[in-house]
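These notes concern the structure reproduced below.
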């Protein structure tokens with residue numbers, strides 16, 4: 001089972017994903033894609049790890065998301081978030097389309113239940129910088145690929161889930 005949670009910043013998507021995934025089969029694996037580039041992000045990471053509790057094993061995978069999924073045997077995996085993963089790929093100058101293809105292949109054969117958190121970034125203004133426009137476009141394409149693969153897709157707005165699929 002693959003479930004995708006979409007929404008804007010601070011929409012509640014991570015909270016909804018964590019609640020649903022916590023109710024899933026153990027082991028519980030949290031795949032963190034954030035990188036602590038500054039003190040504020042380090043604090044966020046610590047706070048989020050405490051909120052999850054001891055039942056969650058954390059794997060940091062800012063770039064290597066697909067290998068984590070291919071190594072899973074069972075249980076529940078929560079990836080938070082696909083948006084930071086994409087950003088990391090772009091900043092590291094990886095080939096995004098190939099990486100997304102690899103991720104989709106890993107998701108297709110992963111025996112664990114996978115919960116994916118991703119930002120919906122296409123509802124705002126058009127970025128004024130080419131990299132910003134490329135990121136927005138790549139994020140839209142990634143979300144479409146994930147939504148097409150997912151068994152269920154929820155859009156979270158102002159803390160309220162709206163079921164889009166499943």
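Computed quantities for the displayed model
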read-out: Difference of contour (0.36 nm per residue) and Cα-Cα distance, residue 109 to residue 10; value: 32.5 nm
read-out: Highest-first arrangement of 65-74, 111-120, 41-50, where packing means the average Cβ count within 10 Å; value: 111-120, 65-74, 41-50
read-out: Linear extension gain, residue 133 paired with residue 49, 0.36 nm per residue minus alpha-carbon span; value: 27.1 nm
read-out: Gap separating the Cα centres of region 1-22 and region 64-129, nearest whole Å; value: 14
read-out: Max mean-square fluctuation residue, GNM over the chain, Cα-Cα springs under 10 Å, options 100, 31, 126; value: 126
read-out: Residues 3, 133, sorted so that the one with the fewest Cβ neighbours within 10 Å comes first; value: 133, 3
read-out: Estimated inter-spin distance, residue 165 and residue 38, nm [label 7 Å along Cα→Cβ]; value: 3.5
read-out: Most fluctuating residue given options 52, 134, 152, as computed from a GNM of the chain linking Cα atoms under 10 Å; value: 134
read-out: Most mobile of 124, 148, 140 in a GNM of the chain (Cα contacts under 10 Å); value: 124
read-out: Efficiency of FRET from Cβ geometry, residue 125 and residue 151, R₀ 30 Å, rounded to 0.05; value: 0.35
read-out: Relative contact order, percent, region 2-165 [alpha-carbon distance under 8 Å, six or more residues apart]; value: 36
read-out: Prolate/oblate/rounded call for the chain, Cα gyration tensor, a/c under 1.5 rounded; value: rounded
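Any read-out appearing in this document is the output of simple, stated calculations on the displayed coordinates, not a laboratory observation. Bear in mind that the values here come from a model prediction, so they are computed numbers and not experimental data. Here Cβ is always computed from backbone atoms with ideal geometry, including for glycine, and neighbour counts include all displayed protein chains.
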